[in-house]
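The values are calculated or read from the model by the stated rules, or taken from the named source; none is laboratory data. Since this is a predicted model, take the numbers as computed values, not measurements. Virtual Cβ from ideal backbone geometry, glycine too; neighbours counted across all protein chains shown. Heads up: the accessible areas ignore ligands, DNA and RNA and are worked out on the full protein's heavy atoms, side chains in. Shrake-Rupley method; radii C 1.70, N 1.55, O 1.52, S 1.80 Å.
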Amino acid sequence: MENMEFLLKPSSIAVIGASNTPGKVGHEIFANLVKGGFLGELVPINLKSTELLGIKCYTSLKAYGKAVDLSVIAIPANYVLGAVEDCLSMGVKAICVITAGFKETGKEGAELEKHIASLCAAQQVRMLGPNCLGLINTHQNMNASFASRMPKKGVISVISQSGALCTAILDWASGRHLGLAKLISMGNKADLSETDFLKT
C-alpha cells in the first residue's frame, strides 16, 4: 500500500506535541524514540521549548523546513486538524494520530475524524489512529508509542485495535523474554486497518 514503508520504516520522525514534562504523552513518545536508539532524524515540535532531551525543538514543521517520513501527533483533539493540514502541506509521508476524542466521543468527533482521514486520503498519505497507542518496530529501533516497554527484537508481530491489549502483550512478552518484530495499535482505524498490515 502507498507509503506504508514510511510508517513502518521511517528515516525521519516528527513528534508534534513533544513535551519536556515527564508523564505527558508527547514526552513519553519522544523519550521512547530517543532511549530506544532510533537511528533516523528526530524532530520534536513544541511551541514553547527550544530543546528536548538534547535535541533542537521547532515551533512547527514549517519552521523545521523539511518534509519528514512520519509525523506522530500527540496534541489535544481540537488542534489535530490544523496539525494534519500542516503535515500535508509540508509533504509528510505518513501520519500517526495518538490523540483521543474522535468518533469514540460521538457525532462531532466522528465527523472530524472522517474529515481528517479524507484529507490524508486525497494526498495518498496513510494515517494510523486516531485514539491509539502508536507503533513499535524493533528492527528499526523505533518505539513511536507511549508504551513504557520496548521489547527485544523478534519475528512475531502484533496488530490490535486496543492499546490496552498491546500494553498487556508487551508486559507478557517481557516477562517471558519473548521478542517481537512490530507492535501496532490501530485505535479508531479511520484509515489503516488489519487488512492493510496483513499485506505488509
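Treating only the Cβ atoms of Lys and Arg (+1) and Asp and Glu (-1) as charged, compute the dipole magnitude of the stretch 1-75 about its Cα centre; round to the nearest 20 debye.
Approximately 260 debye in magnitude.
For Cα extents along the principal axes in Å, one of (1) 45, 38, 35; (2) 65, 41, 39; (3) 43, 39, 29 was computed from the structure I shared and the rest are decoys. Which label?
So the structure-derived entry is (3).
Beta carbons within 10 angstrom, averaged per residue: use that to sort the peptides 183-196, 149-162, highest first. If you can, show how the numbers build up before the last one.
Values: 183-196: 21.1, 149-162: 15.4.
Highest mean packing first, the order is 183-196, 149-162.
Each residue of the stretch 27-37 in turn: what ³J(HN,Hα) in whole Hz from Karplus with 6.51, -1.76, 1.60 and θ = phi - 60°, glycine and Pro shown as x?
5, 5, 5, 5, 4, 4, 5, 5, 5, x, x
In terms of modelled amide H atoms, which long-range or inter-chain residues lie less than 5 Å from the amide H of Glu41?
Ser12, Ile13
Find the accessible area per residue for the chain; the probe is 1.4 Å, ligands and nucleic acids are left out, and the unit is Å².
That works out to 46 Å² for each residue.
How far, in nm, would the chain grow between Met4 and His177 when pulled straight, counting 0.36 nm per residue and subtracting the alpha carbon separation?
Fully extending the segment from Met4 to His177 adds 59.4 nm.
Considering only lysines 8 or more places apart in sequence, or on different chains, count the pairs in the stretch 78-200 whose C-alpha atoms sit under 14 Å apart.
Working: Lys103/Lys114; Lys103/Lys189; Lys114/Lys189; Lys152/Lys182; Lys153/Lys182; Lys182/Lys199.
Qualifying lysine pairs in the stretch 78-200: 6.
Under a 5 Å amide H to amide H cut-off, with H placed in plane at 1.01 Å, what residues pair with Cys96 once short-range neighbours are removed?
Ser71, Val72, Ile73, Leu128
Using the crude model of +1 on Lys and Arg Cβ and -1 on Asp and Glu Cβ, and no other charge, please compute the dipole size for the chain relative to its Cα centre, in debye to 20.
Values: 19 positive and 16 negative charges, 102 e Å.
Dipole about the Cα centre, nearest 20: 480 debye.
Could you rank the peptides 10-20, 128-138 by their average count of other C-beta atoms within 10 Å per residue, with the highest value first?
Highest mean packing first, the order is 128-138, 10-20.
Compare the peptides 166-179, 66-79 by average per-residue count of other Cβ atoms within 10 angstrom and give them in order, highest first.
Numbers: 166-179: 14.6, 66-79: 20.1.
Descending mean neighbour count gives 66-79, 166-179.
Within the accessible area of the stretch 30-170, what % is carbon and sulfur when the probe is 1.4 Å and the other protein chains stay in place?
Taking all protein chains in place, the stretch 30-170 shows 55 percent carbon and sulfur surface.
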